[in-house]
1. Keeping to region 109-128, report how many residues are outside any helix (DSSP H, G or I) and within 16 Å of residue 160 (Cβ to Cβ).
2. Based on this model, can you work out whether residue 94 counts as under 26 Å from residue 201 (Cβ atoms), surrounded by 14 or more Cβ atoms within 10 Å (Cβ to Cβ) and touching a residue at least 24 places away in the same chain (Cβ under 8 Å)?
3. Enumerate the strands (runs of 3 or more DSSP E) found wholly within region 1-90, keeping only those where 1 or more residues are surrounded by fewer than 16 Cβ atoms within 10 Å (Cβ to Cβ).
4. Before we move on, is residue 101 at positive phi and either surrounded by 12 or more Cβ atoms within 10 Å (Cβ to Cβ) or modelled with pLDDT of 95 or more (or both)?
5. Do we have any residue at all in region 151-158 that's within 20 Å of residue 113 (Cβ to Cβ) and touching a strand residue (DSSP E or B) at 6+ places or on another chain (Cβ under 9 Å)?
6. Against the condition within 18 Å of residue 45 (Cβ to Cβ) and either assigned to a helix (DSSP H, G or I) or within 15 Å of the chain's Cα centre (by Cα) (or both), how does residue 104 come out, does it pass?
7. Pairs please, first residue from region 144-163 and on the phi < 0 side of the Ramachandran plot and surrounded by fewer than 16 Cβ atoms within 10 Å (Cβ to Cβ), second anywhere and at pLDDT 85 or above and not in a helix (DSSP H, G or I), Cβ atoms under 8 Å, 6+ apart in sequence or on different chains.
8. If you scan region 119-136, which residues turn out to be buried (at least 16 other Cβ atoms within 10 Å of the Cβ) and out of contact with any strand residue (DSSP E or B) (no Cβ under 9 Å at 6 or more places or on another chain)?
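The values are calculated or read from the model by the stated rules, or taken from the named source; none is laboratory data. None of these values were measured; they are calculated from a predicted model. Because the Cβ atoms are built from the backbone with ideal geometry, glycine has one as well, and the counts that use them run over all protein chains shown.
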């Protein structure tokens, strides 16, 4: 098969949400590893930078006053307060990426997703990742061996609220098998990239073909 013509397009804001333990983090990491034109959205936060974290790679670190100025001046696409710290998505780098045809991946919850949809619905594609069962979700959290029983219980309670919003998403992935789920996630991305609305030059491209075909008319 021949290659697709190089038609410029606006990038996609691809949102992945899920309860903790459903496999979203692994899917996100695999997509970033295998898709060169996908970049991870870098959040701005007011929490203290850890020794292993790099400014502009893991987060954009700002103090509370700086964050509030960004929030109040409309520089954030979405924001939330979590455990006393602010987190948000800066608008400018996202707009720059989309305009250049790069897709941006978001690992955010349903509340952040709603805010993105309110501001940029035409650019946003949303995917919710479900576990195959409640028992399997609990087992995955326990297999991590990272959290105490109390923390696992809290995550399972939070999952009730998170999963209740699955109907608000464009696509649902039931993550029974990681490889299969990843293949489906790639298929979603490919399909959304091919939508006509994303191809900025398709009208010019198709128009040229039509004009050229008229040369063959008797």
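1. Step one: of region 109-128, the residues outside any helix (DSSP H, G or I) are 109, 124-128.
Add one more test, that the residue is within 16 Å of residue 160 (Cβ to Cβ), and what stays is 109, 128.
Counting residues in region 109-128 that are outside any helix (DSSP H, G or I) and within 16 Å of residue 160 (Cβ to Cβ) gives 2.
2. Details: under 26 Å from residue 201 (Cβ atoms): yes; surrounded by 14 or more Cβ atoms within 10 Å (Cβ to Cβ): yes; touching a residue at least 24 places away in the same chain (Cβ under 8 Å): yes.
Criteria met by residue 94.
3. Values: elements: 13-17, 38-40, 76-82, 85-90.
Result: 38-40, 76-82, 85-90.
4. Numbers: at positive phi: yes; either surrounded by 12 or more Cβ atoms within 10 Å (Cβ to Cβ) or modelled with pLDDT of 95 or more (or both): yes.
For residue 101, the condition - at positive phi and either surrounded by 12 or more Cβ atoms within 10 Å (Cβ to Cβ) or modelled with pLDDT of 95 or more (or both) - is met.
5. Scanning region 151-158 turns up no residue that is within 20 Å of residue 113 (Cβ to Cβ) and touching a strand residue (DSSP E or B) at 6+ places or on another chain (Cβ under 9 Å).
6. Numbers: within 18 Å of residue 45 (Cβ to Cβ): yes; either assigned to a helix (DSSP H, G or I) or within 15 Å of the chain's Cα centre (by Cα) (or both): yes.
Answer is yes for this residue.
7. Correct list of pairs: 144/21; 158/19; 158/20.
8. Selection gives nothing.
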